[in-house]
1. Give me the strands (runs of 3 or more DSSP E) completely within the range 11-125, filtered to those with at least 1 residues that are out of contact with any strand residue (DSSP E or B) (no Cβ under 7 Å at 6 or more places or on another chain), ordered by residue number.
2. Looking only at residues that are touching a Leu at 6+ places or on another chain (Cβ under 6 Å) and not in a helix (DSSP H, G or I) in the range 190-210, which one is farthest from Leu29 (Cα to Cα)?
3. Condition check: surrounded by 22 or more Cβ atoms within 10 Å (Cβ to Cβ) and not basic (Lys, Arg). Does Val65 satisfy that?
4. Just checking, does the range 148-165 include any residue being among the hydrophobic types (A, V, I, L, M, F, W, C), surrounded by 24 or more Cβ atoms within 10 Å (Cβ to Cβ), at pLDDT 95 or above and within 20 Å of Leu32 (Cα to Cα)?
5. Which pairs do you get when a residue that is crowded, with 21+ Cβ neighbours inside 10 Å, found in the range 28-48, comes within reach of a residue that is in a loop (DSSP other than H, G, I, E, B) and among the acidic types (Asp, Glu), reach meaning Cβ atoms under 6 angstrom, with the pair 6+ apart or on two chains?
6. Within the range 115-130, is even one residue surrounded by fewer than 24 Cβ atoms within 10 Å (Cβ to Cβ), touching a helix residue (DSSP H, G or I) at 6+ places or on another chain (Cβ under 6 Å), at pLDDT 95 or above and over 25 Å from Gln217 (Cα atoms)?
7. Mind checking which residues of the range 174-184 are closer than 20 Å to Gly90 by Cβ and crowded, with 20+ Cβ neighbours inside 10 Å?
Amino acid sequence: MNGEKTIGVILSGSGFLDGAEIQESVLTLLALDEGGANVRIFAPDAELDEIDHATGEPTGRKRNVLAEAARIVRGRIEDVATVRGTDVDGWVLPGGYGAAKNLSDFATKGADATAHPDVARVIREALEANVPVGAICIAPAVLAAVTKDEGPHLRLTIGNDADTAGALQAMGARHVDAPVTDAVVDADHRVVTAPAYMYGDARISDVGQGIRKVVKQVLDWAAEA
């Protein structure tokens with residue numbers, strides 16, 4: 001058991017089209033709880049552009065990333081600006097387009113993307129201190145954006161989408177194709193990633209298998225510290 005270990009989770013809102021993918025987020029939190037971890041949940045205090053999830057169309061309204069993420073976690077949320085990458089024993093970033101819109105600008109800039117400043121700082125601090133990091137779905141793009149200029153060149157997966165994989169590789173990452181049920185481990189840098197709903201028609205049970213592998217690896221590394 002990893003009951004004395006605390007894992008930070010960074011969310012990007014609420015809802016896969018403009019925030020955190022809710023099923024991925026809940027599966028992550030469930031796996032962490034079942035693994036005996038203490039969990040702290042963070043999000044940026046920033047605006048997002050709202051998408052109507054019934055129609056898939058922009059509404060023209062703004063919402064707050066932190067306030068929206070709080071909906072998923074029953075209000076147990078903290079501003080990511082208040083934490084350091086070394087304040088916890090590991091990190092997990094669920095996916096959803098919010099990772100590419102709110103935690104970074106990968107959705108609009110692709111290989112030229114940068115990460116939200118506080119998210120970038122936290123991830124960089126974690127990697128430099130060998131604190132394990134897991135990323136799910138499109139969230140590996142955030143890691144690639146953080147490390148593209150100074151490295152390290154991480155071994156990552158977003159599944160098998162050639163265009164997205166190409167953008168990650170253009171940022172210096174080493175992409176590995178992986179099925180929805182699997183995870184890709186970069187043992188040298190203590191980073192583990194899984195594709196999840198990058199496979200849009202995936203079964204939730206298959207998505208859960210990959211997420212559990214990410215969480216287990218993060219907890220195993222954290223236990224070694």
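1. The qualifying strands (runs of 3 or more DSSP E) are 57-64.
2. For the range 190-210, the residue satisfying everything is Val191.
3. Against the criterion (surrounded by 22 or more Cβ atoms within 10 Å (Cβ to Cβ) and not basic (Lys, Arg)), Val65 qualifies.
4. no
5. Leu48/Asp18
6. No: the range 115-130 contains no residue that is surrounded by fewer than 24 Cβ atoms within 10 Å (Cβ to Cβ), touching a helix residue (DSSP H, G or I) at 6+ places or on another chain (Cβ under 6 Å), at pLDDT 95 or above and over 25 Å from Gln217 (Cα atoms).
7. Passing the criteria: Ala183, Val184.
Rundown of residues vs (1) within 27 Å of Ala81 (Cα to Cα); (2) free of Cβ contacts under 8 Å to residues at least 12 places away in the same chain, yes/no style:
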site: Ala120; (1), (2): yes, no
site: Asp177; (1), (2): no, no
site: Val192; (1), (2): yes, no
site: Gly200; (1), (2): no, yes
site: Gln217; (1), (2): yes, no
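The values are calculated or read from the model by the stated rules, or taken from the named source; none is laboratory data. Since we're looking at a predicted model, the values are computed, not measured. In this analysis, Cβ positions are derived from the backbone assuming ideal geometry, glycine residues included, and neighbour counts consider all displayed protein chains.
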